[in-house]
Amino acid sequence: MVPVRLVARTTVPHRLVAVLAGLVVLACGACAPRAGTTPGTGPALSPAALDLLTGSGDYPAREYQLDVAEERLTQRCMTAHGLAYVLHEPLPPIGSDEERAVDLPRRRIVGYGLGSSSGGQPPPDPDAGKPAYEQALFGDPRHRQELRLPDGSLHTFPGDGCIAESRTKLYGDVRRWARIVSIPPVIDNVLRDRTRDAPELAQANARWTSCMAAADFPYPTPEAAIDALSTAYAEHGPTPTLKARETATAVADGECAIRAHVPATDLAVRQEATRSLAAGQREELNELATLHCDAARRATSITQHNAPDC
């Protein structure tokens, strides 16, 4: 039982989230190590690769810098097309890995996000959805590219347009961007599956359950709390009382996760499990981390802010 899936992978601006939605799970046979990539051999993961894989350490700061740079480059490109594009830059990451994973400030505003259709996101641009805007931003649909991922899923993404142009300036080409943002989460999901029954995690989960019961929220897991609230919303709608209950539950959930060190334990067991990755996977992750660090350095000239170097 793993009651938290809290570690944020990215702070991609809300208008660009749709670009990442081209993941269609086809099969998981590719999750197994490829021939010639024996676990336990080959290079160790670099610190930057470990951060990239698990979404921890200095990765959020570098990713934040890249997200801000991408937004600004995209705005410049859209302006050149004569189209308005209002910047919606993400907030900088603060706190420890555990605090970022739980994100108590957001929980205090929107709870789990169940009772709010916007999820706390700002409204889209006024021209969003119009053909000229979509064409300039996302490019020609006929030029979309595809990337097959290690789990057999398919990531589709713009091959031209302002988003692709911005990513090309930062990463060198859009396929590098796609590999960096798509492959590490797939491998991390494999680690999560391998570690879900780790004794240390079971002990942390038990501490979370006890903490929640003491706070008068007797749920065995966060999923159980979310399911109960979702059922209540389906039956009664988003009433003020129910929204308040959702917020209180989500905050208690997050506070107990920190007290029980569930996110920190989850991260530690996944980091330890990287030893079992195939040599080819570790080589690829090291390569992707180098490319991510190079892109973050390029972003410095745009953001005028230095993210932690690799």
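The values are calculated or read from the model by the stated rules, or taken from the named source; none is laboratory data. Because the structure is predicted, anything quoted here is derived from the model rather than measured. Positions of Cβ are generated from backbone atoms using ideal geometry, with glycine treated the same way; all protein chains shown enter the neighbour counts. In case anyone asks, the SASA skips ligands and DNA or RNA and just uses the protein heavy atoms, side chains included. Shrake-Rupley method; radii C 1.70, N 1.55, O 1.52, S 1.80 Å.
Computed values, structure above
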read-out	value
Any hit, the stretch 47-67, residues being open to solvent by less than 50 Å² (accessible area, probe 1.4 Å), modelled with pLDDT of 90 or more, touching a Cys at 6+ places or on another chain (Cβ under 7 Å) and farther than 20 Å from E165 by Cα	yes
When residues of the stretch 77-119 are limited to those that are part of a loop (DSSP other than H, G, I, E, B) and among the charged types (D, E, K, R), the one nearest to A204 (Cα to Cα)	D103
Leading residue by the ranking (farthest from A80 (Cα to Cα)) among those in the stretch 128-168 that are crowded, with 16+ Cβ neighbours inside 10 Å and among the basic types (K, R)	R144
Some residue of the stretch 281-301 being outside any helix (DSSP H, G or I) and either without any contact (Cβ under 8 Å) to a residue 12 or more places away in the chain or not acidic (D, E) (or both)	no
Residue that is farthest from L50 (Cα to Cα) [pool: residues in the stretch 73-106 that are hydrophobic (A, V, I, L, M, F, W, C) and free of Cβ contacts under 8 Å to residues at least 24 places away in the same chain]	A80
Residue, most open to solvent (accessible area, probe 1.4 Å), within the stretch 215-232, restricted to residues that are part of a loop (DSSP other than H, G, I, E, B) and within 20 Å of H261 (Cβ to Cβ)	P220
Inter-residue pairs, beta-carbon under 6 Å, first in contact (Cβ under 8 Å) with a residue 12 or more places away in the chain and in the stretch 266-279, second of a type in the set (G, A, S), 6+ apart	L267/S56; V269/A198; A279/G42
Residue ID - nearest to L137 (Cα to Cα), chosen from residues in the stretch 184-214 that are open to solvent by less than 10 Å² (accessible area, probe 1.4 Å) and not polar (S, T, N, Q)	P184
Filter result (out of contact with any Phe, Trp or Tyr (no Cβ under 9 Å at 6 or more places or on another chain), over 27 Å from I302 (Cα atoms) and among the hydrophobic types (A, V, I, L, M, F, W, C)) within the stretch 146-201	L149, L154, V186, I187, V190, L191, A198, L201
Filtered residue count, the stretch 183-207, keeping only those that are over 17 Å from E283 (Cβ atoms) and either of a type in the set (A, V, I, L, M, F, W, C) or assigned to a helix (DSSP H, G or I) (or both)	16
Single condition A128 does not satisfy, out of (1) over 30 Å from P240 (Cα atoms); (2) part of a helix (DSSP H, G or I)	(2)
Conditions (1) acidic (D, E); (2) surrounded by 17 or more Cβ atoms within 10 Å (Cβ to Cβ); (3) within 28 Å of L45 (Cα to Cα); number of the one not met by E246	(3)
